[in-house]
Amino acid sequence: VRAFLVVSAVAKRVTCTIDFSNAFVQSPLPADEPAWMHIPRGYTCTKGPDYCLRLDKSLYGLGSAPRLWTDYSGKHFKKVGLKQSEFDPCLWYGKNIMLVQYVDDCGISAPTQKDLDDFVASLRKLGMTLTQEESFSEFLGIKFEELDDGSINMTQKGLIKKILTTAKMEDCNPNATPATQTPLGKDLDGEPMKEEWNYRAIVGMLLYLSTNTRVDIAYAVSQVARFSANPKKSHATAIKTILRYLKGTADRGTLVKPAENLH
């Protein structure tokens, strides 16, 4: 995604995002992979209660649904002239179009707005149901803000707010650093964690945050992640230290300044 942004910015390309509506349900089921379901509650089957339904298309929850959607969307991208990168299967490119795909969310860039609109229209003509946003300003929970000097500021304020709310620390006092100088150990004889929030859930959100826009908390997060199996009070306290730091630095992110030399 960062490479997509940098190339688009340097080449002065127009960007947008598209979201496929009910993506998995758009994929037809192959004849050699039949799937069946019980009669939905509230629907009366005239042939009796012992009958079930054979699906024509995929459903969320099917083990094969992600693969079927990937195959289905890939075939349509090829029909409109895109090629799949041999280095990253989530990157597609054509004469004027560059597309980065994450399941049912896509970022697209093109030389002109007309190229973008024509490409989206061609997908709709093939029967794909989707919505188009005006610009690539937010993707996968990451907000992209283009500054006056051409830099791109990447932030995740929404996720930070969600983490603080989940841990019930929306009104906590900010902290200047994400960790203390004391090393974090197993603390086998330490007091058990008593917080109501789920330790692993908080760690998971912090990992997503640290690997995308907040590298400044990466070390502190890696420390607390080591003790997800049996967290103690000291480990929960370490997480609270990270959250207090995020409370005071929620506006910070990763600043990407594209250079003219793409090499």
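Among the chymotrypsin sites (Phe, Trp or Tyr not before Pro) in segment 16-119, those placed in a DSSP loop whose Cβ has at most 16 other Cβ atoms within 10 Å are TYR43, TYR51, TYR60, PHE87. Treating each Cα of segment 1-92 as one equal point scatterer and applying the Debye formula with no solvent, the log10 of I(q)/I(0) at q = 0.10, 0.18 Å⁻¹ comes out as -0.44, -0.95. Between THR180 and LYS233, the modelled labels are 1.2 nm apart [label points 7 Å from Cα along Cα→Cβ]. For segment 29-126, relative contact order (Cα pairs under 8 Å, six or more residues apart, normalised by length) works out to 15 percent.
When only C-alpha pairs under 8 Å and at least 6 residues apart count, what is the relative contact order of segment 151-263, in percent?
Working: 136 pairs, mean separation 55.2, N = 113.
After rounding, I find 49 percent.
Estimated translational diffusion coefficient (Stokes-Einstein, Kirkwood radius over Cα pairs, 4 °C, 1.567 mPa s) of segment 1-40: 90 µm² per second.
Note on LYS47: lysines with a C-alpha under 25 Å away, same-chain residues under 8 apart excluded, are LYS57.
Relative to the Cα centre, what is the charge dipole magnitude of the chain, using +1 at the beta carbon of each Lys and Arg, -1 at the beta carbon of each Asp and Glu, and rounding to the nearest 20 debye?
On the way: 33 positive and 30 negative charges, 79 e Å.
Computed charge dipole of the chain: roughly 380 debye.
Which one of ILE18, ILE39, ILE242 has the biggest mean-square fluctuation once the chain is modelled by GNM with Cα springs under 10 Å? Sorting by GNM fluctuation, first place goes to ILE39. With a/c under 1.5 counting as rounded, go ahead and sort segment 162-212 into rounded, prolate or oblate using the C-alpha gyration tensor (a ≥ b ≥ c being the square roots of the eigenvalues; past the cut-off, prolate if a/b is larger than b/c, else oblate). Rounded. Ranking TYR93, SER64, GLY107 by how far each Cα lies toward the positive end of the dipole of segment 59-155 (charges on Cβ) leaves SER64 at the top. Taking a ≥ b ≥ c as the square roots of the eigenvalues of the Cα gyration tensor, an a/c ratio of 1.5 or more together with a/b no larger than b/c marks the chain as oblate.
With protein chains left intact and a 1.4 Å probe, residues in the chain average 61 Å² of accessible area per residue. Once you reduce segment 169-191 and segment 105-131 to the center of their Cα atoms, the two points are 47 Å from each other. Distant-in-sequence amide contacts of ILE142, defined by a placed amide H-H separation under 5 Å and a gap of 5 or more residues or a different chain, comprise nothing.
Comparing LEU29, LEU53, LEU82 in a Gaussian network model of the chain (Cα springs below 10 Å), the most mobile by mean-square fluctuation is LEU53.
Both the radius of gyration and Dmax for segment 136-263 are 16.2, 56 Å, in that order, over alpha-carbon atoms. Evaluated with a Cβ-only charge set (Lys, Arg +1; Asp, Glu -1), segment 135-263 carries a dipole of roughly 540 debye about its Cα centre, given to the nearest 20.
GNM remark for the chain: springs join alpha carbons under 10 Å apart, and the peak mean-square fluctuation among ASP104, ASP216, ASP171 falls on ASP171. Here LYS240 is the anchor, and the lysines within straight C-alpha reach of less than 16 Å, apart from those fewer than 8 places off in the same chain, are LYS161, LYS162, LYS168, LYS194, LYS232.
What net charge is computed for the residues neighbouring LYS78, neighbours being all others with C-beta under 14 Å from the C-beta of LYS78, Lys and Arg scored +1, Asp and Glu -1? Kindly include the intermediate steps, with their values, before the conclusion.
Values: positive: LYS75, LYS79, LYS83, LYS95; negative: ASP71.
Neighbour charge sum, excluding LYS78 itself: +3.
The values are calculated or read from the model by the stated rules, or taken from the named source; none is laboratory data. As the structure is a computational prediction, the values presented were derived from the model and not from experiment. With ideal geometry, Cβ positions are generated from the backbone for all residues, glycine too; neighbour counts draw on all protein chains shown. SASA here: full protein model, heavy atoms, side chains in, ligands and nucleic acids out. Shrake-Rupley method; radii C 1.70, N 1.55, O 1.52, S 1.80 Å.
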